[in-house]
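Below you'll find the structure, written out as structure tokens, and then a few comments.
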Amino acid sequence: MNELKNKFEDLMSHDLEERILEKENWDFLSSLSPHITVMKDYPQNHPYHCYDLLVHTCKTVDGIDPAGLTADEYRLLKTAGFFHDIGKPSVAKEKVNQYGETRTIFHNHAEKSEEISVPILEKLGYDEKEIQKLRFYIVAHDLFLQYTPENAYSKNSRRTIINVENIKKAQKRFMKERPDLEVSKHDFFVMMSLSRADAFTHAKLVLNRDGTVFDTNVDMALRALMIQKVCIMLEKE
């Protein structure tokens, strides 16, 4: 295995949050790209987030569940977890809502993260096939963010109901739009393990202005799990 890749994957393998800012580790990661350096102490400034970008990233990597994954899938998903939000600072825009509150929005951050990650992954020594998988995991990690269980659906919401038909349509649409990634149905199942880990690192409670709960990180993770179970069903078709 390439020495840089081996060093990087060893760092991703366990307790990343505890180890990342040790001088040798941070010097190594910072040397890979200035986009990594920017992540440290970068505020996300959004109701759905409670950590800065680097801490959120580390918690996501550490939180990926290996259940149902092969060793290679788990290894690559850990790598994808590190890069899944790296594009946020590059697309960040400040937006003032109707209450005069300033929020940071990160439209198309997944696509930007994919773009930024490729040269870093090449530098680390990942091969073309691995990079193709990693690009998919990164660019698609928020694909089902706006999906919701039927019992929580509202006609006034932009969310889509979680069911076999809708997930199947989304998979087909993505594969048609990104034939370059040669995505399989199983890849969607794997990618949802990243989405679940990502969800758990969001704010525990997202509140409405009246103090009522709008969303929680547990509910987000449960939605991701529901979608992952649908992906299993679609694999068997």
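Just so it is clear, none of the values below were taken in a lab; they were calculated from the coordinates. Here the structure is a predicted model, which means the values were calculated and not measured. Glycine also receives a Cβ, built like all others from the backbone with ideal geometry; neighbour counts cover every protein chain displayed.
Which is the longest stretch in the chain that no exposed loop site breaks, taking sites as trypsin sites (Lys or Arg not before Pro) with a DSSP loop state and at most 12 other Cβ atoms within 10 Å? Answer from the scan: 1-154. For Tyr147, the amide hydrogen comes within under 5 Å of the amide hydrogens of Thr160, counting only partners 5 or more places away or on other chains and with H modelled in the peptide plane. Placing dummy labels 7 Å off each Cα toward the beta-carbon, the span from Val218 to Thr102 is 3.5 nm.
Test of understanding: ordering Phe82, Phe174 by Cβ neighbours within 10 Å, fewest first, what list do you get? Spell out each step's value before the answer.
On the way: Phe82 24, Phe174 17.
Going from sparsest to densest Cβ surroundings: Phe174, Phe82.
Show that you can apply the helix-only estimate: for the chain, add -39,500 (n - 2.57) for every DSSP H stretch of four or more residues, divide by all residues, and state [θ] at 222 nm to the nearest 500.
Estimated from H runs of four or more residues: -17500 deg cm²/dmol.
Of Gly87, Gly68, Gly100, the residue with the greatest mean-square motion in the GNM of the chain, using alpha carbon springs below 10 Å, is Gly100.
Distance between the 7 Å Cα→Cβ label points at Lys168 and Ser13: 4.2 nm. Here's the list of aspartates and glutamates a cross-link from Lys59 could span, going by alpha-carbon distance under 18 Å and ignoring same-chain residues fewer than 8 apart: Glu9, Asp10, Asp15, Glu17, Glu18, Glu22, Asp41, Asp85, Asp142, Asp198, Asp219.
Restricting to Cα pairs below 8 Å that are 6+ residues apart, what does the relative contact order work out to for the chain? Please round to a whole percent.
Numbers: 328 pairs, mean separation 45.3, N = 237.
With pairs under 8 Å counted, the relative contact order is 19 percent.
Alpha-carbon geometry of the chain: the Rg and the Dmax are 17.7, 54 Å, given in that order. Sites listed here are GluC sites (Glu not before Pro) in segment 64-171 whose DSSP assignment is loop and whose Cβ has at most 15 other Cβ atoms within 10 Å: Glu101. Close amide H pairs (under 5 Å, H built 1.01 Å from N) link His49 with Ala203, residues at least 5 positions away or on another chain.
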